[in-house]
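Peer 1: Please see the structure below; I have some questions.
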Amino acid sequence: MDLFEYQGKQYFARYDIPTSPGGVADSVGEAIEQAKAAGFPAVVKAQVQVGGRGKAGGIRLVNNEQEAKEAAEFILGLDIKGHVVKRLWIEHASDIKKEYYASFTLDRNAKLHLAMVSAKGGVDIEEVADTDPEAIKRLHINPIDGISYDQALELAKSAGIDQEALEGVADVLVKLYECYTLGDADLAEINPLILTPQGKVHALDAKVTLDDAAAFRHPEWEVFKGVSELDGRERLAKEKHLNYIGLEGSVGIIANGAGLAMSTLDVVNQVGGTAANFLDLGGGAGADVMSAALEVINTDDRVEVVLVNIFGGITRCDEVAKGIVDALSSVEMRSPIVIRLDGTNADEGRRILADADLRGVIIEKTMIGAAKRAVEIVDEGASK
Amino acid sequence: MSIFVDENTKVIVQGLTGSQGKFHGLRNKAYGTKVVGGVTPGKGGTDVEGVPVFDSVQDAVAATGATASFIVVPPKFAPEAILEAAAAGIGFIVCITEYIPAKDEAMVFNVLRRNYPGTRLLGPNCPGILSPGKCNIGITSGDIALAGGPVGIVSRSGTLTYQALNELSLKGVGQTTCVGIGGDPVPGTTFIDCLAAFEQDPETKAVLMFGEIGGSDEEKAAAFIKENVTKPVVSYIAGVTAPPGKKMGHAGAIVSGGMGTAQAKMDALAEAGVHVARNPTEAGEIMVDIVKGL
């Protein structure tokens, strides 16, 4: 789960990482109140999960109530690369002497945690990595050992952090590591991490991605849920506990297993179609899950044909077939369904479908055959 | 021959008394795998359809001489179960558990690497290992495999592993061993581990490798193949059409910062002399041709 900046800052606060005092506003009136509470000059920041919001006009410095009002009116509802701003974060403007960068993530290659620190913060770090890789210092951390204050200090020194900021940066690094590990974040990133003229070091932004698998030990994550930027289809799928990602094409995809689902997208593409979504039923899906999947796909206007690709392992094809029959008795499908069943109890599954004699359901024997048939149906629709 | 397991491998099932553990443990036993015991704390002395249950892995190993463990427990308990097995001297651990937090997975991997270098972990979040006719540990349906070799299979995704087995079996091409390494960010066993073992195995004549987007394990495998693998390798990479920044089901399957794209992996493999197929069916067809020519 990706957190918004304000949520990331709230999460940082749990681990004592210094941030600017501020608050959230969903309306112009609230924005004015928050700006007054933070104290002028204040910064009004769009809360969207996309980069480049500054360039898009989503961040404004305001010196009084009137400016706060104008900024909030402008930013609320602003479309930043397809993300419409619904919420603002308003904090007291910080005086900035220097901007640094700090992050922790997993290095899958080394199978160790990775700290990255740079004295060149405040800009796109991937650009720094491209143009000036030496400016980013890296340290691998074995999870058994963790990172000590002395190691953090050394890392900050090697990255060229200014003398007066060294202790502050080292302190933030140790706390950010706790946030990353104890806080079960896949990514904990501060860009920029600033040094003020008064010699204080603190986080001016927060980018945190939480590891959904660890939710069972973080009841405090409840407050972050329900505000993430899912589209309508994705929200419904989440309610149904389906692994779903909305895309732009016309072939609705349902498969069991992430690899097979990805592969189905690829094959549809190879035979000239485009997928409307990625949907993995997961392992051992029964009739109810299949039925929920069809329901979700059916809400998507883009879908002109549904392609169901099942290779039964734990998942039993007879169960899948029953789910399709069940679903079609209660849901009026807007588009035809092409089905490929293989693996555990495939014959039985195909028989159940054949016996039910369902309108608009086509059975194909192979994955490629099914993909071709689905794309033909889309093309026939287009030529009509 | 087979890799990592064979007809003599004695297996215990951690979590045998749970519904999943019972179903798959007994299914593996019915396949012919030597399932010699189960472990559930507090249930020692009981049995599951004749398979004795022990309180700890240590007890189970002492009583049965087990060398492998099949872990089927919820994510909360899986890390501890893996370390318990390693501490009891188990040399080969298969963990199918999905949704283990990444921090726990990284910790377990590093504890094994540092303290139990002789223990191999397969998974977590993998379908397991199947050596047709000899041993099946995990959740793969044994009837889609064909004994007798000559192909070794290694795959990151579960259902694509089945697809791979199916593509070969339907065309009458058998397998030596089929290993599902799992789609998590910190897998215990990698492509390279399996490729090295297949290269050493005299009965394996060719390798079918199914990868997917995310990470750089396929690129590393390509470099390894170039230097160390003399047998023909056919590969397929899933996720060519996956959009960046979206996790495609597996925690590890994500294209981020331009890293881990399918195209980069395919290019690296092709450059290493691997036959790169565009889909699982094509991969199967290429492999059938290779086997015919052996």
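The values are calculated or read from the model by the stated rules, or taken from the named source; none is laboratory data. It should be emphasised that the depicted structure is a prediction, and the values quoted were computed from it without experimental measurement. Please note: Cβ atoms are built from the backbone with ideal geometry, for glycine as well, and neighbour counts cover all protein chains shown. When the accessible area is computed, the model is the full protein with side chains, heavy atoms only, and any ligands, DNA or RNA have been set aside. Shrake-Rupley method; radii C 1.70, N 1.55, O 1.52, S 1.80 Å.
Peer 1: How many of the residues in segment A:100-150 are within 11 Å of chain B (Cβ to nearest Cβ), open to solvent by less than 30 Å² (accessible area, probe 1.4 Å) and among the β-branched types (Val, Ile, Thr)?
Peer 2: Final tally of qualifying residues: 2.
Peer 1: Could you tell me whether any residue of segment B:82-91 is at negative phi, modelled with pLDDT under 95, crowded, with 21+ Cβ neighbours inside 10 Å and part of a helix (DSSP H, G or I)?
Peer 2: Restricting attention to segment B:82-91, the residues satisfying the condition of being at negative phi are B:82-88, B:90-91.
In the following step, the residues that additionally are modelled with pLDDT under 95 were identified as none.
Taking every residue of segment B:82-91 in turn, none turns out to be at negative phi, modelled with pLDDT under 95, crowded, with 21+ Cβ neighbours inside 10 Å and part of a helix (DSSP H, G or I).
Peer 1: Another question, if that's okay. Read through the list (1) touching an Asp or Glu at 6+ places or on another chain (Cβ under 7 Å); (2) open to solvent by less than 10 Å² (accessible area, probe 1.4 Å), then give the number of the only condition that B:Gly180 fails.
Peer 2: All conditions are met except number (1).
Peer 1: Within the set of pairs 6+ apart or on separate chains, which have a first residue in segment A:316-330 that is assigned by TED's automatic domain parsing to the domain that holds A:Ala356, a second that is among the charged types (D, E, K, R), and C-beta atoms under 7 Å apart?
Peer 2: Partner pairs satisfying both residue conditions: A:Cys317/A:Glu348; A:Asp318/A:Glu348; A:Gly323/A:Asp288; A:Ala327/A:Glu295.
Peer 1: Do any strands (runs of 3 or more DSSP E) entirely within segment B:95-211 hold 1 or more residues that are under 15 Å from the mean Cα position of the chain (by Cα), within 11 Å of chain A (Cβ to nearest Cβ) and under 30 Å from A:Ala215 (Cα atoms), and if so, which?
Peer 2: Working: elements: B:120-122, B:128-131, B:135-138, B:150-155, B:174-180.
Strands (runs of 3 or more DSSP E) meeting the threshold: B:128-131, B:135-138, B:150-155, B:174-180.
Peer 1: Another question, if that's okay. Just for segment A:17-55: of the residues that are polar (S, T, N, Q) and closer than 23 Å to A:Lys81 by Cα, which one is modelled with the lowest pLDDT? Walk me through how you get there before you give the answer.
Peer 2: We begin by selecting, within segment A:17-55, every residue polar (S, T, N, Q); these are A:19-20, A:27, A:34, A:47, A:49.
Okay, now just the ones that are also closer than 23 Å to A:Lys81 by Cα, so A:27, A:47, A:49.
Numbers: A:Ser27: 94, A:Gln47: 94, A:Gln49: 83.
That would be A:Gln49.
Peer 1: A further question follows. Only one of these conditions is not met by A:Asp95: (1) outside any loop (DSSP other than H, G, I, E, B); (2) open to solvent by 70 Å² or more (accessible area, probe 1.4 Å); (3) touching a residue at least 12 places away in the same chain (Cβ under 8 Å). Which number is it?
Peer 2: Among (1) outside any loop (DSSP other than H, G, I, E, B); (2) open to solvent by 70 Å² or more (accessible area, probe 1.4 Å); (3) touching a residue at least 12 places away in the same chain (Cβ under 8 Å), the lone unmet condition for A:Asp95 is (1).
Peer 1: While we're here: Which residues, taken from segment A:342-357, are open to solvent by less than 40 Å² (accessible area, probe 1.4 Å), not small (Gly, Ala, Ser) and not in a helix (DSSP H, G or I)?
Peer 2: A:Asp342, A:Thr344
Peer 1: Of A:Val303, A:Val320, which residue is of a type in the set (Val, Ile, Thr), out of contact with any Leu (no Cβ under 8 Å at 6 or more places or on another chain) and buried (at least 20 other Cβ atoms within 10 Å of the Cβ)? Please lay out each step first, then the result.
Peer 2: Details: A:Val320 fails: out of contact with any Leu (no Cβ under 8 Å at 6 or more places or on another chain).
Result of the check over A:Val303, A:Val320: A:Val303.
Peer 1: Look at B:Met287 and say whether it is within 17 Å of B:Leu160 (Cα to Cα), in a helix (DSSP H, G or I) and away from chain A (no Cβ under 12 Å).
Peer 2: Details: within 17 Å of B:Leu160 (Cα to Cα): yes; in a helix (DSSP H, G or I): yes; away from chain A (no Cβ under 12 Å): yes.
Criteria met by B:Met287.
Peer 1: Moving to a separate point now. If A:Lys200 satisfies all but one of (1) open to solvent by less than 60 Å² (accessible area, probe 1.4 Å); (2) under 28 Å from A:Met116 (Cα atoms); (3) more than 14 Å from chain B (Cβ to nearest Cβ), what's the number of the condition it fails?
Peer 2: Answer for A:Lys200: the failing condition is (1).
Peer 1: Among the residues of segment A:1-16, which ones are closer than 20 Å to A:Gly168 by Cβ and assigned to a loop (DSSP other than H, G, I, E, B)?
Peer 2: Passing the criteria: A:Tyr15, A:Asp16.
Peer 1: Quick check: is even one residue across segment A:73-82 of a type in the set (D, E, K, R), at pLDDT below 95, on the phi > 0 side of the Ramachandran plot and not assigned by TED's automatic domain parsing to the domain that holds A:Ala156?
Peer 2: yes
Peer 1: So which pairs qualify, if the first residue must be in segment A:214-225 and more than 10 Å from chain B (Cβ to nearest Cβ), the second must be assigned to a helix (DSSP H, G or I) and open to solvent by less than 10 Å² (accessible area, probe 1.4 Å), the Cβ gap must be under 6 Å, and the two must be at least 6 apart or on different chains?
Peer 2: Within 6 Å, the pairs are A:Phe224/A:Gln7.
Peer 1: Would you be able to say whether some residue in segment A:163-178 is surrounded by fewer than 18 Cβ atoms within 10 Å (Cβ to Cβ) and polar (S, T, N, Q)?
Peer 2: Taking every residue of segment A:163-178 in turn, at least one turns out to be surrounded by fewer than 18 Cβ atoms within 10 Å (Cβ to Cβ) and polar (S, T, N, Q).
Peer 1: For segment A:23-38: of the residues being crowded, with 21+ Cβ neighbours inside 10 Å and under 27 Å from the mean Cα position of the chain (by Cα), which is farthest from A:Leu173 (Cα to Cα)?
Peer 2: Out of the qualifying residues, it is A:Ala31.
Peer 1: Here's something else I'd like to know. A:Ile339 fails exactly one of the following numbered conditions: (1) part of a helix (DSSP H, G or I); (2) away from chain B (no Cβ under 14 Å); (3) surrounded by 21 or more Cβ atoms within 10 Å (Cβ to Cβ); (4) not basic (Lys, Arg). What is the number of that condition?
Peer 2: It is condition (1) that A:Ile339 fails.
Peer 1: How do the pairs read when you match residues in segment A:1-27 that are in contact (Cβ under 8 Å) with a residue 60 or more places away in the chain with residues anywhere that are in a loop (DSSP other than H, G, I, E, B) and acidic (Asp, Glu), using Cβ under 7 Å and keeping only pairs 6 or more apart or on different chains?
Peer 2: Filtered contacts from segment A:1-27: A:Glu5/A:Asp205.
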